[in-house]
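Working notes, beginning with the structure itself.
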Amino acid sequence: AEEWPHFRGPEGQGHAAATGLPLTWSETENVVWKTPLPGKGWSSPVIDGNEIWMTTAIDTPATEEEKEKRLASNTGNQPLFVASELVLRALCVDRTSGELLHDIELMRLADPQPTHTLNSYASPTPILSEGRLYCAFGDYGTACLDTKSGRVVWAHRTLRLAHENGPGSTPVLYKDKLIVHCDGSDTQSIAALDAATGELVWRTPRSGEMRSDPQLRKAYGTPLVVEIGGRDVLISPASDWLYAYDPNTGEELWKVNYGVLGFSIVPRPVFGNGMIYMATSFMQSQILAIRVDGGGEKAEPHIAWRYDRQAPNQPSPLLVGEELYFVADKGVAACLDAKTGEEIWRERLGGNFSASPLLADGRIYFLSREGVTTVIAPGREFKVLAENQLEGSLMASAAAVDGALFLRTDKAIYRIEAK
């Protein structure tokens with residue numbers, strides 16, 4: 001199996017098996033190498049053997065006249081970046097030396113949709129599996145790359161949707177299917193592509209009742225496949241509803257309404273203790289614990305508890321045993337009892353956050369947009385172990401393999417290791 005094959009590691013829940021990681025680092029301490037990266041992309045690194053892969057976007061800004069014309073119909077009232085041309089690329093860095101080995105064009109588009117200034121055109125994390133790299137860019141398409149030859153095996157672009165703020169959903173690879181979210185302001189569904197050919201295998205419309213405002217129908221969630229009741233279940237967060245599907249066929253198994261406004265979903269759910277833990281994202285985000293193992297008073301999946309104090313809009317939660325950790329976008333971190341939702345502690349880290357936290361080597365790592373990684377000890381007492389500053393902004397989530405951390409900023413990727 002690949003060492004760090006997709007978003008948030010082997011299990012997709014932010015846990016790493018790496019040990020011997022350094023506690024402290026800086027631009028001059030415990031940096032094996034630092035490699036500048038072309039373009040702009042928030043996708044997290046995926047790793048196998050001596051190769052580290054990411055995606056990036058090379059965009060040509062639109063003229064002021066083009067920008068004014070393209071934004072005339074914008075109803076979302078968000079700060080948007082407008083490009084006249086977009087080149088989407090795959091990057092490969094040598095794990096040992098840090099050398100940029102490959103910079104491969106996947107697709108080129110004219111007049112792409114505008115994207116939020118806080119987002120990028122290459123935010124979804126690619127998936128690495130058996131010599132193939134699967135790169136999803138939402139409305140702009142999905143491509144499969146042969147990592148040995150550098151050849152684009154296939155590209156698919158029929159799953160069109162209006163993002164409003166750019167792409168964000170990372171797909172999941174299940175057996176021979178690449179499963180992608182298609183939750184725009186105009187259309188909402190989930191679909192599976194044949195991993196070998198890129199052909200559409202199934203597509204299931206979202207069945208839950210939607211809000212009348214199209215802006216409240218979009219989502220940027222990433223699915224998670226877990227075992228429930230002896231079968232594989234695809235857990236899929238969308239606007240106002242959490243869905244469960246059969247990943248083989250796309251059949252909807254059940255859905256749960258959030259009970260509050262939940263849209264523009266970004267955080268990826270985590271699973272444990274018979275419950276799914278998720279955040280409802282924007283507009284008064286809440287943390288929900290959804291019991292799915294038939295425990296409690298109800299046999300059907302249902303909300304066991306909710307927490308509504310400074311829940312994250314973007315960073316995913318982190319489950320460590322019977323404790324749930326998360327950080328809000330504005331820098332307030334919290335630890336909850338995962339079984340009851342009771343607040344154990346809530347403390348301000350400072351800074352702003354988009355990346356998801358990581359558990360590695362018995363520590364929790366929180367990465368801020370200001371380039372600071374705050375390292376804490378897991379447990380019922382809040383204890384900061386270190387604060388480490390790098391140049392640039394940490395938008396991508398971290399990867400950890402063997403004794404090294406791999407951190408991607410908006411300008412470069414670092415290999416952090418004890419020297």
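Tell me the residue from Ser185, Ser207 that is touching a helix residue (DSSP H, G or I) at 6+ places or on another chain (Cβ under 7 Å) and assigned to a loop (DSSP other than H, G, I, E, B), please.
Values: Ser207 fails: touching a helix residue (DSSP H, G or I) at 6+ places or on another chain (Cβ under 7 Å).
Answer to the selection: Ser185.
Looking only at strands (runs of 3 or more DSSP E) that lie completely in the stretch 50-122, which have at least 3 residues being open to solvent by less than 20 Å² (accessible area, probe 1.4 Å)?
On the way: elements: 51-61, 83-94, 100-110.
Counting at least 3 such residues, we get 51-61, 83-94.
Of everything in the stretch 124-164, what is assigned to a loop (DSSP other than H, G, I, E, B), closer than 18 Å to Val180 by Cβ, small (Gly, Ala, Ser) and open to solvent by 20 Å² or more (accessible area, probe 1.4 Å)? Give them in sequence order. Step through it out loud before you land on a result.
Applying the first criterion (assigned to a loop (DSSP other than H, G, I, E, B)) to the stretch 124-164 yields 124-126, 130-131, 137, 141, 147-151, 157-164.
Still in the list and also closer than 18 Å to Val180 by Cβ: 124-126, 137, 141, 157-164.
Okay, now just the ones that are also small (Gly, Ala, Ser), so 141, 162.
Ala162 - this is the single residue of the stretch 124-164 that is assigned to a loop (DSSP other than H, G, I, E, B), closer than 18 Å to Val180 by Cβ, small (Gly, Ala, Ser) and open to solvent by 20 Å² or more (accessible area, probe 1.4 Å).
Is there a residue being touching a Lys or Arg at 6+ places or on another chain (Cβ under 7 Å) and among the basic types (Lys, Arg) anywhere in the stretch 213-233?
Within the stretch 213-233 (the criterion being touching a Lys or Arg at 6+ places or on another chain (Cβ under 7 Å) and among the basic types (Lys, Arg)), the answer is yes, since at least one residue qualifies.
Restricting to the stretch 1-49, and then to whatever is assigned to a loop (DSSP other than H, G, I, E, B) and of a type in the set (Phe, Trp, Tyr), can you tell me which residue is surrounded by the fewest Cβ atoms within 10 Å (Cβ to Cβ)? Break it down into steps so the answer makes sense when it comes.
Just the residues of the stretch 1-49 that are assigned to a loop (DSSP other than H, G, I, E, B), to begin with: 1-3, 5-14, 16-30, 37-39, 41-45, 49.
If we keep only those that are of a type in the set (Phe, Trp, Tyr) as well, we get 7, 25, 42.
Working: Phe7: 26, Trp25: 23, Trp42: 27.
Among those residues, the one meeting the criterion is Trp25.
So, in the stretch 186-211, exactly how many residues are surrounded by fewer than 16 Cβ atoms within 10 Å (Cβ to Cβ) and in contact with a Pro (Cβ under 7 Å, 6 or more places away or on another chain)?
Residues in the stretch 186-211 being surrounded by fewer than 16 Cβ atoms within 10 Å (Cβ to Cβ) and in contact with a Pro (Cβ under 7 Å, 6 or more places away or on another chain): 1 in total.
Might you check whether a residue that is modelled with pLDDT under 95 and at positive phi occurs anywhere in the stretch 229-248? Explain how you work it out, then say what you get.
As a first pass, look at the stretch 229-248 and keep what is modelled with pLDDT under 95: 229-231.
Okay, now just the ones that are also at positive phi, so 229-230.
Among the residues of the stretch 229-248, at least one is modelled with pLDDT under 95 and at positive phi, which makes the answer yes.
Any residue in the stretch 269-297 that's assigned to a loop (DSSP other than H, G, I, E, B): show its pairings with residues that are acidic (Asp, Glu) and at pLDDT 95 or above at Cβ separation under 6 Å, as long as the two are six or more apart or on different chains.
none
Quick grid of which residues meet (1) acidic (Asp, Glu); (2) open to solvent by less than 30 Å² (accessible area, probe 1.4 Å); (3) at pLDDT below 95:
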{"site": "Lys330", "(1), (2), (3)": "no, no, no"}
{"site": "Asp337", "(1), (2), (3)": "yes, yes, no"}
{"site": "Ser354", "(1), (2), (3)": "no, yes, no"}
{"site": "Gly362", "(1), (2), (3)": "no, no, no"}
{"site": "Leu385", "(1), (2), (3)": "no, no, no"}
{"site": "Ser393", "(1), (2), (3)": "no, yes, no"}
{"site": "Lys411", "(1), (2), (3)": "no, no, no"}
{"site": "Tyr414", "(1), (2), (3)": "no, yes, no"}
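For Glu51, which of the numbered conditions (1) without any contact (Cβ under 8 Å) to a residue 60 or more places away in the chain; (2) closer than 26 Å to Ile127 by Cα fails to hold?
The single condition Glu51 does not satisfy is (1).
How many residues does the stretch 248-268 contain that are aliphatic (A, V, I, L, M), surrounded by 18 or more Cβ atoms within 10 Å (Cβ to Cβ) and assigned to a loop (DSSP other than H, G, I, E, B)? Walk me through it before giving the result.
Of the residues in the stretch 248-268, the ones aliphatic (A, V, I, L, M) are 253, 256, 260-261, 265-266.
Keeping just the survivors that are surrounded by 18 or more Cβ atoms within 10 Å (Cβ to Cβ) gives 256, 265-266.
Okay, now just the ones that are also assigned to a loop (DSSP other than H, G, I, E, B), so 265-266.
Here the count works out to 2.
State all residues of the stretch 128-141 that are over 16 Å from the mean Cα position of the chain (by Cα) and either closer than 17 Å to Val87 by Cβ or of a type outside the set (Gly, Ala, Ser) (or both); if no residue qualifies, say none. Can you show your working first?
Kept after step one, since they are over 16 Å from the mean Cα position of the chain (by Cα), are these residues of the stretch 128-141: 129-133, 139-141.
Answer for the stretch 128-141, where residues must be over 16 Å from the mean Cα position of the chain (by Cα) and either closer than 17 Å to Val87 by Cβ or of a type outside the set (Gly, Ala, Ser) (or both): Glu130, Arg132, Leu133, Asp139, Tyr140, Gly141.
Go over the candidates Ser281, Ser368 one by one and state the one that is open to solvent by less than 10 Å² (accessible area, probe 1.4 Å) and at pLDDT below 95.
Details: Ser368 fails: at pLDDT below 95.
Criteria check complete, one pass: Ser281.
The values are calculated or read from the model by the stated rules, or taken from the named source; none is laboratory data. As the structure is a prediction and not an experimental result, all values here were calculated from the model. Virtual Cβ from ideal backbone geometry, glycine too; neighbours counted across all protein chains shown. Ligands, DNA and RNA are excluded from the accessible area calculation, which covers all protein heavy atoms including side chains. Shrake-Rupley method; radii C 1.70, N 1.55, O 1.52, S 1.80 Å.
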